[in-house]
1. Taking Lys151 as the residue in question, decide whether it is within 16 Å of the ligand (Cβ to nearest atom), basic (Lys, Arg) and under 16 Å from Gln44 (Cβ atoms).
2. Within the stretch 44-57, can one find any residue that is surrounded by 16 or more Cβ atoms within 10 Å (Cβ to Cβ), touching a Lys or Arg at 6+ places or on another chain (Cβ under 7 Å), more than 25 Å from Lys155 (Cα to Cα) and of a type outside the set (Gly, Ala, Ser)?
3. Go through the stretch 89-137 and give me each residue that's hydroxyl-bearing (Ser, Thr, Tyr), at pLDDT 95 or above and surrounded by fewer than 20 Cβ atoms within 10 Å (Cβ to Cβ).
4. Given the conditions (1) in contact (Cβ under 8 Å) with a residue 40 or more places away in the chain; (2) within 10 Å of the chain's Cα centre (by Cα), which single one is not true for Arg142?
5. I'm told Val99 meets every condition in (1) closer than 21 Å to Asn17 by Cβ; (2) within 12 Å of the ligand (Cβ to nearest atom); (3) not charged (D, E, K, R) except one. Can you identify the failing condition by its number?
6. Suppose we keep only residues that are in a strand (DSSP E or B) and more than 8 Å from the ligand (Cβ to nearest atom) within the stretch 121-134. Which one would you say is farthest from Ile73 (Cα to Cα)?
7. I'd like to verify a number: residues in the stretch 63-91 that are in a loop (DSSP other than H, G, I, E, B) and without any contact (Cβ under 8 Å) to a residue 24 or more places away in the chain, how many?
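The values are calculated or read from the model by the stated rules, or taken from the named source; none is laboratory data. All values derive from a computational prediction rather than experimental measurement. Positions of Cβ are backbone-derived with ideal geometry, glycine not excepted, and every protein chain shown enters the neighbour counts.
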Amino acid sequence: MKGNNPEQKSEKVSIFNARRGAVEEIEKIDKTDDEWKRLLTLEQYLVTRQKGTERPFTEKCDLPKEEGIYQCICCGTDLFSSDTKYDSETGWPSFWTLVSELNIRTRIDNSLSMQRMEVLCARCEAHLGHLFDDGPPPTNKRYCINSITLKFIKKEK
Ligand SMILES: [Zn+2]
């Protein structure tokens, strides 16, 4: 288990703050499983911390229609913008690009005997979903994200 040594200096990470339009150096978030369990609902915990997948085509997969930013439910990092959301007909929220490459990490996921790219929050390493190459132009990317990992912040008028 990481992060149990209080003497240890927290690692910093550069995160783009979409509302300020600036890159910030902030501390990475490194909590134990027990801490996450206390902070999240069981379903949020199972998806973000145990790499679960929510059921597609449920009501909560329909994200708000307003303009705004989707943040990480665990740490509030800006992840996706509503204007890059599209309907991939997979039953999960899909985006064709990110708010910033800084805010997301990807890594190879060989589970379920297939090779996929896992999408994680760069600040707290929450599992968000997977990245596929069958999205719409201009990126042809499809960030297939569990809606439960996202918190919507409506754009201020
Ligand atoms: Zn996060």
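1. Taking the combined requirement at face value, the residue satisfies it.
2. Looking through the stretch 44-57, at least one residue is surrounded by 16 or more Cβ atoms within 10 Å (Cβ to Cβ), touching a Lys or Arg at 6+ places or on another chain (Cβ under 7 Å), more than 25 Å from Lys155 (Cα to Cα) and of a type outside the set (Gly, Ala, Ser).
3. First pass over the stretch 89-137, keeping only residues hydroxyl-bearing (Ser, Thr, Tyr): 90, 94, 97, 100, 106, 111, 113.
Now drop any that are not at pLDDT 95 or above, which leaves 94, 97, 100, 106.
Thr97, Ser100, Thr106, listed by residue number.
4. Condition not satisfied by Arg142: (2).
5. Tallying (1) closer than 21 Å to Asn17 by Cβ; (2) within 12 Å of the ligand (Cβ to nearest atom); (3) not charged (D, E, K, R), Val99 fails exactly one: (2).
6. So the first thing to find is which residues in the stretch 121-134 are in a strand (DSSP E or B), and the list is 121, 127-132.
Remaining after also requiring more than 8 Å from the ligand (Cβ to nearest atom): 127-132.
Working: His127: 11, Leu128: 10, Gly129: 13, His130: 17, Leu131: 19, Phe132: 22 Å.
Here the residue is Phe132.
7. Let us first name the residues in the stretch 63-91 that are in a loop (DSSP other than H, G, I, E, B), namely 63-67, 73-77, 87-91.
Now drop any that are not without any contact (Cβ under 8 Å) to a residue 24 or more places away in the chain, which leaves 65, 87, 89.
Qualifying residue count, the stretch 63-91: 3.
Table: residues versus (1) buried (at least 18 other Cβ atoms within 10 Å of the Cβ); (2) at pLDDT 95 or above; (3) within 14 Å of the ligand (Cβ to nearest atom).
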{"position": "Lys60", "(1), (2), (3)": "no, no, no"}
{"position": "Lys65", "(1), (2), (3)": "no, no, no"}
{"position": "Phe80", "(1), (2), (3)": "yes, yes, yes"}
{"position": "Thr84", "(1), (2), (3)": "yes, yes, no"}
{"position": "Asp87", "(1), (2), (3)": "no, no, no"}
